[in-house]
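These notes are about the structure you will find just below.
The values are calculated or read from the model by the stated rules, or taken from the named source; none is laboratory data. The structure presented is a predicted model; accordingly, all values stated were derived computationally and were not measured. Cβ sites come from the backbone with ideal geometry, for glycine too, and all protein chains shown count toward neighbours.
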Amino acid sequence: MNTGLFFGSFNPIHIGHMVIAGYMLEFTDIDELWFVVSPQNPLKDESGLAPENLRLNMVRLAAEDYEPRMQVCDIEFTMPRPSFTIDTLEALQLKYLDRQFTLILGSDSLDTITKWKDYQQIIRNYSIYVYPRLGSNIEDLKKLYPVEFIAAPVVDISSTFIRKSISEGKDVSHFIPQKVFHYIQNQQLY
């Protein structure tokens, strides 16, 4: 079984994430997709980060209508902090011997992959599917890395935009799965 791993802080998860996840399931050879919620990304500032358990709950709410093909993975909640992708991949490979794992990345993440711990090992040992993000030079990236570029739709929505809009009192209900939107309101997040 080919399991796509979509890593992120998901602060919060939004329809852009869901569009990419759905596209990967329908238009690639991925059989199932796991949202791997990262409690602490070593390359991101933690300020403004909602508590990890609330972010995990939001991802569960977003994915529950799509189960079993979309699931939530909380393995990084039990691992040392900060979370390094290579360590998570190795832990998952040991735990799930029957699965082939494919890493799902935005081209903006591929732009910075040389900052990742043991990035050469990730590129060498795992399939990587890359979806386009604005601001990345796909042609240059194709020359640098042996990864598969997926012609997914470019969705220019970010969690930063969502958080900023909420803090300004904007209605972002059309950018977030409805269950997640209500959860954010109930928890008074952002």
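Please find, among Val59, Val37, Val72, the residue that is touching a Cys at 6+ places or on another chain (Cβ under 9 Å) and surrounded by 16 or more Cβ atoms within 10 Å (Cβ to Cβ). Before you say what the answer is, go through the steps one by one.
Values: Val59 fails: touching a Cys at 6+ places or on another chain (Cβ under 9 Å); Val72 fails: touching a Cys at 6+ places or on another chain (Cβ under 9 Å).
Val37 is the lone residue from the list that is touching a Cys at 6+ places or on another chain (Cβ under 9 Å) and surrounded by 16 or more Cβ atoms within 10 Å (Cβ to Cβ).
Among Pro153, Pro132, Pro146, which is the only one that is farther than 18 Å from Val19 by Cβ and either surrounded by fewer than 16 Cβ atoms within 10 Å (Cβ to Cβ) or not small (Gly, Ala, Ser) (or both)?
Unique residue meeting the criteria: Pro146.
Just need a number here: residues in the range 16-34 that are surrounded by fewer than 20 Cβ atoms within 10 Å (Cβ to Cβ) and touching a helix residue (DSSP H, G or I) at 6+ places or on another chain (Cβ under 9 Å).
The number of residues fulfilling the criteria is 4.
Might you let me know whether the range 162-179 holds any residue that is of a type in the set (Val, Ile, Thr), assigned to a loop (DSSP other than H, G, I, E, B) and under 20 Å from Phe6 (Cβ atoms)?
Yes, the range 162-179 contains a residue that is of a type in the set (Val, Ile, Thr), assigned to a loop (DSSP other than H, G, I, E, B) and under 20 Å from Phe6 (Cβ atoms).
Could you say whether any residue in the range 137-153 is of a type in the set (Phe, Trp, Tyr), in contact with a strand residue (DSSP E or B) (Cβ under 6 Å, 6 or more places away or on another chain) and modelled with pLDDT of 95 or more?
Looking for residues that are of a type in the set (Phe, Trp, Tyr), in contact with a strand residue (DSSP E or B) (Cβ under 6 Å, 6 or more places away or on another chain) and modelled with pLDDT of 95 or more, one finds at least one in the range 137-153, hence yes.
What are the pairs, 6+ residues apart or on separate chains, where a residue within the range 70-91 that is touching a residue at least 12 places away in the same chain (Cβ under 8 Å) has its Cβ under 6 Å from a residue that is assigned to a helix (DSSP H, G or I) and acidic (Asp, Glu)?
Listed by first residue and then by second, the contacts come to Ser83/Glu76; Thr88/Glu76.
If we keep just the residues of the range 152-171 that are under 18 Å from Leu49 (Cβ atoms) and free of Cβ contacts under 8 Å to residues at least 40 places away in the same chain, which is nearest to the chain's Cα centre (by Cα)?
Thr160
Run down Glu64, Glu46 and say which single residue is over 20 Å from Ile128 (Cβ atoms) and in contact with a Lys or Arg (Cβ under 8 Å, 6 or more places away or on another chain).
Of Glu64, Glu46, the one residue that is over 20 Å from Ile128 (Cβ atoms) and in contact with a Lys or Arg (Cβ under 8 Å, 6 or more places away or on another chain) is Glu64.
Only one residue in Leu141, Leu92 is closer than 18 Å to Met1 by Cβ and surrounded by 13 or more Cβ atoms within 10 Å (Cβ to Cβ). Which one?
The match here is Leu92.
What number of residues in the range 93-118 are more than 18 Å from Gln40 (Cα to Cα) and part of a helix (DSSP H, G or I)?
The number of residues fulfilling the criteria is 8.
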